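Contents: one structure, followed by commentary.
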Amino acid sequence: MKTGAVIRGQRLAVAAVSLFGTASIAFAGTQKKSTKSIQLNPDPLVNAAMRNMETGVWSVNGSVTFKKIIKLHGLLSGEDFDLSMEPGVKSGVPLRGIVIKDKAWVCSDGETWHAGRPDDRLLYNWAHVPIMADRQLPPFEKVGSEQRDGQTWLHVRLKVPEKKINPKELPEYWLVLDSQGQAQYIGHTEMPMFSQARKEVMYCSFDYAPAKEKIAPPPLGAPVDDKGYGFNDIEQHKFDWKSRIVRLEVTPKILESKQIGEDTYRAFLKDTATPNHYGVVEFPHDALVKLGFLKKIVSGAHAWEDLEKMGALGRTEGKPVSFYVEVIPLGEKPAARAVAVGAKLVRDPDGSVSYSWETDEKQTAQSPPAPAASDASDGDLVNRGIEKAKNGDLDGAMADFNRAIELNPKDDAPYYNRAQARRMKNDTAGAIADYTRAIELGSTNPAAYNNRGNARAENNDKDGAIADYTRATELKPDYARAYYNRAVARKDKDDASGAAADFKRARQLDPKLVSEESVADSSSRGGSANNGAAGTAVSLLDGKLKLDIPSDFSRDTDDPKTPKTLAKFSGPDGAWGEVLRGTHGLTPDKLEGYLKMRVAEYSKGFNWLPKDSHLQWLKKDIVTIDGRKWADWRYVPMLKGTTDYSHSPVYTRFLTTSYKGQLLEVTFTSNLNTDPKLKAEIDHIMDSVHLEE
């Protein structure tokens, strides 16, 4: 395909080609021959310099200019390269890509590498096209010569008959010659190139020179070992495994996909450990498709229900999926980033290792039929029971856990998970019994002790709760939640000094978990509205927005990637809340229209409810609080024909208002927790919301 650009009456023929491909990019120049002759014909020298640069390693440093300036530097060697581009994907951090034969690596954050695509050659094309040999070149003419560091540099330019053309519109080379006048290599070039992808002319300026160093793979070492690990393992060993590679094994169903960068996606997954844990992994480009989690890449953030509607959800059952991740600790917090680097480990003859997204066994996006219950192992039953509990089928979950216990009465996992289900059914005594049995069978899961402590606290067994929280901290010294829970229990026993010490330790481990007021206040706040639990006053918007958070909710660590989320909170058994501001503009006169729109969206979006259920709107009104208009909207799924929602899951409340022309919204939900006490706590939180101008 040919395209053209008019320059001072001359039509320049430009070969249009995508910079993301591997084809060449032709010079922007005339094909009309000059009638004038010159003493030196530089064309053989240009060709010789390009041929010399087909072998060896060459450094490149320069820029590509279109609507913005992109700086490029690194190494070229034949079709291999190690190139960095600024600006990159992340502000202030260059994007670096390495390709050696059929292996590729990409680093976009300055510290983590993951497997790339060998055919992604944008940076290479920019730097290599100007020196690419074995192509039809237009004629050049000599402009002049100069001495640089004892070498002769011959300046040549595309030969055109019209002398008034701006030199920047013509390709130019500075050839480095030896003492005999033979071309050694191209030392510098400036030229325009046409990008088919961008549909515009770009101006390139590059310096080249022989390089002493070689192009080498990034420093990704071998895995810690051959075992498959879970998210809790990564958190427990995050400092031991800092910048190391481990193999992560997860269930095949992706729970959420979220695009967090131009070519980076974050997946919310569940591992195959016992008991299961959930976590987040960062993946490059189409890795989620290659692993079978998705059928196609989708932008934005989508839960699995949305992905299923979009036809993008991949496998949901069958064999686990394993891949390799690099562990990046997040400061001193009990968390770490897991950055996927590949699905297959490749050990080269020279002893080096690399990672590829090509798996030994092709992943499929088709879900195999679920195994019959009679053939299910105890592990399968536990995993299936967890999924049923997540979907609100607590009786079905209990049946699976019971069957797993019959098959393997010595396994602690079904007891622990049945205890979780019993707590959701308000069977506190049964939950304590199952937590105890799991511990007796050898469970060293600190959550078993922490959760049994919570159940004992609900039964007013403060001493038993404190003993369990203490054991949880012994098993997991950085368990901020256990320190916090023990602080609350000690405060209820009027142990002010012990509570203050635990609040202090919890705050050191997780600064967002405890406020200064919690440490200093030795009295219980909240009264009957939140069942007597110690509350924490949270202030946002420079103290203008205040709300009271019960003791069994904690504030999550702020994520700098979501600046419009003022705060997020985690509650018992999956309950959560958040405060958003500025996701879009909203004026007071638009509040009612916004409410109607969101009610319609939620009513339509809850078609995943069982056929015998419906979404019950408890309120959807414009109310006045402290002189300000708010949209007060709340819902709960209910079985048809019932009026009591006290034990229904997903009790959710919203308060929305206009603050300085922007949306301000507070949301809290019980998620799958069916405890009526939690609904009272959510009501307490929402009733405590106070906003000052």
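Quick note: the coordinates plus some simple rules give every number you see, no bench work behind them. Just so we're clear, the structure is a prediction, and the values are computed from it rather than from any experiment. Ideal geometry is used to build each Cβ from the backbone, glycine not excepted, and the neighbour counts take in all protein chains shown.
Values computed for the structure shown
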{"item": "Total formal charge among the other residues, if their Cβ is under 14 angstrom from that of D675, Lys/Arg +1 and Asp/Glu -1", "result": "-1"}
{"item": "Under 18 Å from the A301 label point (7 Å along Cα→beta-carbon), backbone N, segment 581-597", "result": "581-585"}
{"item": "Net charge of neighbours whose Cβ lies under 15 Å from the Cβ of Y435, counting Lys and Arg as +1 and Asp and Glu as -1", "result": "-1"}
{"item": "Spin-label zone in segment 478-494 - amide nitrogen under 17 Å from a point set 7 Å from the Cα of D240 along the C-beta vector", "result": "478-479"}
{"item": "Loop sites in segment 618-664: trypsin sites (Lys or Arg not before Pro), DSSP, at most 15 other Cβ within 10 Å", "result": "K640, K660"}
{"item": "Cα centroid of segment 282-333 to Cα centroid of segment 403-456, whole Å", "result": "30"}
{"item": "Within segment 212-309, GluC sites (Glu not before Pro) in DSSP loop having at most 15 other beta-carbon neighbours inside 10 Å", "result": "E213, E262"}
{"item": "Whole-angstrom gap from segment 64-98 to segment 240-279, using each part's C-alpha centre", "result": "29"}
